[in-house]
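**Student:** I'd like to ask you about the structure that follows.
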Amino acid sequence: MVVGAGPVGLWTAAELGIGGVRAVVLERSPERSPHSKALGVHPRTLEVLAMRGLEQQFLAEGVPMPRWHFGMLETPLDLGVLDTAYPFLLAIPQVRTEELLEQHALESGAQVLRGHTVTGLTQDEHGVQLQVSGPDGPYTRSARYVVGADGVGSAVRTSAGIAFQGTETTFYGHLGEVRVTSEPVRSAHNEHGAMLAVPLRDGRYRISGVDKQTSHRAGPLTLDDLREATIRVAGSDFGMHDPSWLSRFGDAAKLAERYRHGRVLLAGDAAHRHLPAGGVGLNVGVQDAMNLGWRLAAVARGDADPASLDEYHAERHPVGEELIEHTLGQSALITATTPDGLALRSVLSRLIADVPELSLALAGKLSALDVAYPAEGHPSTGRRVPDHLALLRRGRPVLLVASAAPIPAATASAEKRGIEVVTTSLPWTTAVVVLVRPDGHVWWAADEADDQRIAAALDDLGVRFPATV
């Protein structure tokens, strides 16, 4: 069972389906929200989509943006220098992202039930029992495993007794999707606060930011509130009118103490909460699901020890810690209104412009292309594979053998395990044999095509991939 039919829950369900395991998704909202909290897909998420053959659908509808901000600094980051086939933020509304991902999940065998609210759960060594309130009243549903992808107020996390630790809200930002009579400035930042304007597909603009005078307010946002805050920061309201969405958001930053508790697992906003700075939340959540899905499918099939699910926490919890750190850092930059804070923003903006290595490092962090999982052995182990993504569309490992290397006899053993063997060029590593996980990270690598070492590596995987699932 997957709780939550946002991008994270839908991707988890699709990954389970690709792995031969049927997933049921419970979503409390009767209908998908018409509002898009996220407006873009980052480079690593585009790589994730490419691993399952979905990238072209997104590229056909989205708008590539090769520059994106960090902490609303004046100098944007240059994403065009990133080592990826997708060196840009792809602007596409979350509503459309969810539509495409739901179609993918359904095609992968998932069932999506809307209007079903999880109110509690219990678990034992045999499975999980969910208490659910559905359209026809309350009922109980059993599952072998439950994935909580139900947002920051996660009923799954709360019912499982998983602590959600961090900092409480210290300020509130605002956003409004409005029509305007004059084109807004892209951004503004001064002693009054910060403002960012992003054009939307329907001719509207999303105007968001922080107003020092009203950042303590937690109540509903009105058009007059948005207008007055924008005038204070940007000097004009740009003739804003006809709002379709007005909202406030806080800067609370929290991380689940653990991503796995027995048969309950967390992903996305259920596992980490933060200021929506840089639009990273949806993306990190989908990448959580990519790491979890193939593991959980193998366990559910009986092809992996349940203890292997602990590796999901071991790999993704540190990513969540870094996410909290850099969004807190961006929060400090966005809310900097004192002379020393404004000076710090100015210094960092100039450094990003003058020091390409700094811009590249921040772009790598924002895009998640710098994520590498702890591993022993070859230096490439644990790192993402920058190409050959289409080879992973079946959701199975792939053994890459450098074109110049002899074909090891042990590759026959790999094929019997359901692992495809491909001879290709490997310009991004010194290794001549690379075993790639279903989520696009290197599982094992070696500088020599040694049969015994390859056979031993295959024996040590701890996960089986049958010829058909």
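The values are calculated or read from the model by the stated rules, or taken from the named source; none is laboratory data. Model, not experiment: these values are computed from the prediction. Cβ: placed from backbone, ideal geometry, glycine included. Neighbour counts: every protein chain shown.
**Student:** So, in segment 404-437, of the ones that are among the small types (Gly, Ala, Ser) and modelled with pLDDT under 90, which residue ends up nearest to Glu47 (Cα to Cα)?
**Tutor:** Restricting to residues being among the small types (Gly, Ala, Ser) and modelled with pLDDT under 90, the top hit is Gly418.
**Student:** Please state which of the following conditions Leu49 fails to meet, knowing it meets all the rest: (1) under 24 Å from Ala194 (Cα atoms); (2) buried (at least 22 other Cβ atoms within 10 Å of the Cβ); (3) free of Cβ contacts under 8 Å to residues at least 24 places away in the same chain.
**Tutor:** It is condition (1) that Leu49 fails.
**Student:** For segment 413-433, what are the residues that are of a type in the set (Gly, Ala, Ser) and either under 14 Å from Val398 (Cβ atoms) or surrounded by 12 or more Cβ atoms within 10 Å (Cβ to Cβ) (or both)?
**Tutor:** Ser413, Ala414, Gly418, Ala431 - these are the residues of segment 413-433 that are of a type in the set (Gly, Ala, Ser) and either under 14 Å from Val398 (Cβ atoms) or surrounded by 12 or more Cβ atoms within 10 Å (Cβ to Cβ) (or both).
**Student:** Can you tell me which residue among Arg227, Arg217, Arg232, Arg258 is basic (Lys, Arg), part of a loop (DSSP other than H, G, I, E, B), surrounded by fewer than 21 Cβ atoms within 10 Å (Cβ to Cβ) and over 18 Å from the mean Cα position of the chain (by Cα)?
**Tutor:** Arg217
**Student:** Can you tell me how many residues in segment 348-392 are touching a residue at least 40 places away in the same chain (Cβ under 8 Å), among the aliphatic types (A, V, I, L, M) and in a helix (DSSP H, G or I)?
**Tutor:** Here the count works out to 11.
**Student:** Still on this structure: Would you please name the residue that is surrounded by the most Cβ atoms within 10 Å (Cβ to Cβ), looking only at residues in segment 186-203 that are assigned to a loop (DSSP other than H, G, I, E, B) and modelled with pLDDT of 95 or more?
**Tutor:** His192
**Student:** Note down all Cβ pairs under 7 Å where the first residue falls in segment 60-89 and is among the acidic types (Asp, Glu), the second is surrounded by fewer than 22 Cβ atoms within 10 Å (Cβ to Cβ) and in a helix (DSSP H, G or I), and they're at least six residues apart or on different chains.
**Tutor:** Close Cβ pairs (under 7 Å, with a partner that is surrounded by fewer than 22 Cβ atoms within 10 Å (Cβ to Cβ) and in a helix (DSSP H, G or I)) amount to Glu61/Arg96; Glu74/Ser349; Asp78/Ser359.
**Student:** Name the residues in segment 12-55 that are under 13 Å from the mean Cα position of the chain (by Cα) and not aliphatic (A, V, I, L, M), would you?
**Tutor:** Within segment 12-55, Thr12, Gly40, His42, Pro43, Arg44, Thr45, Glu47 qualify.
**Student:** Condition test on Glu27, is it assigned by TED's automatic domain parsing to the domain that holds Asp150, within 20 Å of Leu389 (Cα to Cα), crowded, with 20+ Cβ neighbours inside 10 Å and of a type in the set (Asp, Glu)?
**Tutor:** Against the criterion (assigned by TED's automatic domain parsing to the domain that holds Asp150, within 20 Å of Leu389 (Cα to Cα), crowded, with 20+ Cβ neighbours inside 10 Å and of a type in the set (Asp, Glu)), Glu27 does not qualify.
**Student:** Continuing with the same structure: Can you find, within segment 89-116, the residue that is surrounded by the fewest Cβ atoms within 10 Å (Cβ to Cβ) among those that are of a type outside the set (Val, Ile, Thr) and within 19 Å of Leu196 (Cα to Cα)?
**Tutor:** Step by step, filter segment 89-116, then rank; the result is Ala91.
**Student:** Then there is this: Please determine, by comparing only the residues of segment 11-43 that are aliphatic (A, V, I, L, M) and touching a strand residue (DSSP E or B) at 6+ places or on another chain (Cβ under 7 Å), which one is nearest to Leu101 (Cα to Cα).
**Tutor:** This residue is Ala13.
This table checks each residue for (1) touching a helix residue (DSSP H, G or I) at 6+ places or on another chain (Cβ under 7 Å); (2) outside the structural domain of Gly193 (by TED's automatic domain parsing); (3) over 30 Å from Gln56 (Cα atoms).
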site: Thr335; (1), (2), (3): no, yes, yes
site: Ile352; (1), (2), (3): yes, yes, yes
site: Ala363; (1), (2), (3): yes, yes, no
site: Pro379; (1), (2), (3): no, yes, yes
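**Student:** Among the residues of segment 434-460, which ones are surrounded by 15 or more Cβ atoms within 10 Å (Cβ to Cβ), of a type in the set (A, V, I, L, M) and outside any loop (DSSP other than H, G, I, E, B)?
**Tutor:** Correct list: Val434, Leu435, Val436, Val442, Ala445, Ala446, Ile454, Ala455, Ala457, Leu458.
**Student:** Test Leu73 against the stated conditions and say whether it is buried (at least 17 other Cβ atoms within 10 Å of the Cβ) and not in a loop (DSSP other than H, G, I, E, B).
**Tutor:** No: the conditions fail for Leu73.
**Student:** Anything in segment 448-463 that is in contact with a strand residue (DSSP E or B) (Cβ under 9 Å, 6 or more places away or on another chain) and either small (Gly, Ala, Ser) or modelled with pLDDT of 95 or more (or both)? List them, or say none.
**Tutor:** Residues satisfying the conditions are Ala449, Ala457, Gly462.
**Student:** Moving on to the next point. Out of Val132, Val152, Val180, Val156, I need the residue that is over 26 Å from the mean Cα position of the chain (by Cα), assigned by TED's automatic domain parsing to the domain that holds Ala332 and modelled with pLDDT of 95 or more. Which one?
**Tutor:** Val132
**Student:** Going through Gly148, Gly166, Gly153 one at a time, which residue ends up being touching a residue at least 12 places away in the same chain (Cβ under 8 Å) and within 14 Å of Glu27 (Cα to Cα)?
**Tutor:** Gly148
**Student:** Residue check: is Thr122 surrounded by fewer than 22 Cβ atoms within 10 Å (Cβ to Cβ), in a loop (DSSP other than H, G, I, E, B) and of a type in the set (S, T, N, Q)?
**Tutor:** It is false that Thr122 is surrounded by fewer than 22 Cβ atoms within 10 Å (Cβ to Cβ), in a loop (DSSP other than H, G, I, E, B) and of a type in the set (S, T, N, Q).
**Student:** Could we say that Glu376 is of a type outside the set (Gly, Ala, Ser), closer than 20 Å to Ala314 by Cα, modelled with pLDDT under 95 and surrounded by fewer than 20 Cβ atoms within 10 Å (Cβ to Cβ) here?
**Tutor:** Yes, satisfied.
**Student:** Can you pull out the residues in segment 50-59 that are hydrophobic (A, V, I, L, M, F, W, C) and over 15 Å from Val385 (Cβ atoms)?
**Tutor:** If the condition is that a residue be hydrophobic (A, V, I, L, M, F, W, C) and over 15 Å from Val385 (Cβ atoms), then Leu54, Phe58, Leu59 are the ones that fit.
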